[in-house]
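Visitor: Structure in C-alpha cells, see below.
All of the numbers you see were taken from the coordinates with simple rules; none came from a lab. Fair warning: this is a prediction, and the values are worked out from it, not measured in the lab. Glycine gets a Cβ as well: all are built from the backbone with ideal geometry, and neighbour counts include every protein chain shown.
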Amino acid sequence: MPEIPEISAPSLKLRTLVHESEISVQCSGRLNSSNATVLKSHLKDLLPKTKHLVLDLTDLTQMDSSGLGAIVAVYISARNTGTTLELINLNARIRELFGLTNLLSVFETCGRYGTRMP
C-alpha cells in the first residue's frame, strides 16, 4: 500500500496510507492550537482523492478545542464532497472531549476504543 510522506508539526505526526478503498491517516502526539491547521489542511487535501477517509487516533495523547474544531471542519467538508470521515481508536480522554461537546452523537460509535466509526 502506498504511503504519502509523513507530515510533522509541533507535537504532531501524521502518517498517511493509501488503500484501494480508503485513505487512512494515523495521528500521533498532541492535536492542539499550534498544529490543528496542519491536520485540517492535510485532510482537506485528501478529500478529492477518496470517498472514504479514516482518521486513526490510536496514538493521539491529547486534543484541545482547536483540534476538535479541525476535525469538525473536515467532517463538514467531507460531507459536502460526498466523502465519509471515519474516526477510529479514540482513547478515553478524547472520547470524553467528544462527549462533553455533544459530538458523540455526530460521530456515533467512535467513542468506543478499538472500534471503527460507521
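Visitor: Taking amide H positions as placed 1.01 Å from N in the peptide plane, with prolines and chain starts having none, which residues 5 or more places from SER11, or on another chain, fall under 5 Å of its amide H?
Guide: none
Visitor: In terms of modelled amide H atoms, which long-range or inter-chain residues lie less than 5 Å from the amide H of LEU90?
Guide: Residues meeting the criterion, in which the H sits 1.01 Å from N, are GLY114, THR115.
Visitor: Further question on the same structure: Taking only the alpha carbons of the chain, what extent do you get along each of the three principal axes, in Å, biggest first?
Guide: Computed over the chain, the largest-to-smallest principal extents equal 35, 30, 25 Å.
Visitor: Which far-off residues, 5 or more places away or on another chain, put their amide H under 5 Å from the one on THR58, with H placed in the peptide plane?
Guide: The list, which skips near neighbours in sequence, is CYS27.
Visitor: Among DSSP bridges having both ends in the chain, what percentage is antiparallel? Round to the nearest 5.
Guide: Working: 13 of 26 bridges.
For the chain, the DSSP antiparallel bridge percentage is about 50.
Visitor: Ok, one more. Quick check for me: using +1 on Lys/Arg Cβ and -1 on Asp/Glu Cβ, what's the dipole size of the chain about its Cα centre, in debye to the nearest 20?
Guide: Value, rounded to 20: 180 debye.
Visitor: Distance between the C-alpha centers of the stretch 36-77 and the stretch 1-33? Whole Å please.
Guide: 10 Å
Visitor: Given labels modelled 7 Å from the Cα in the Cβ direction, how far is it in nm from ARG93 to VAL106?
Guide: 2.2 nm
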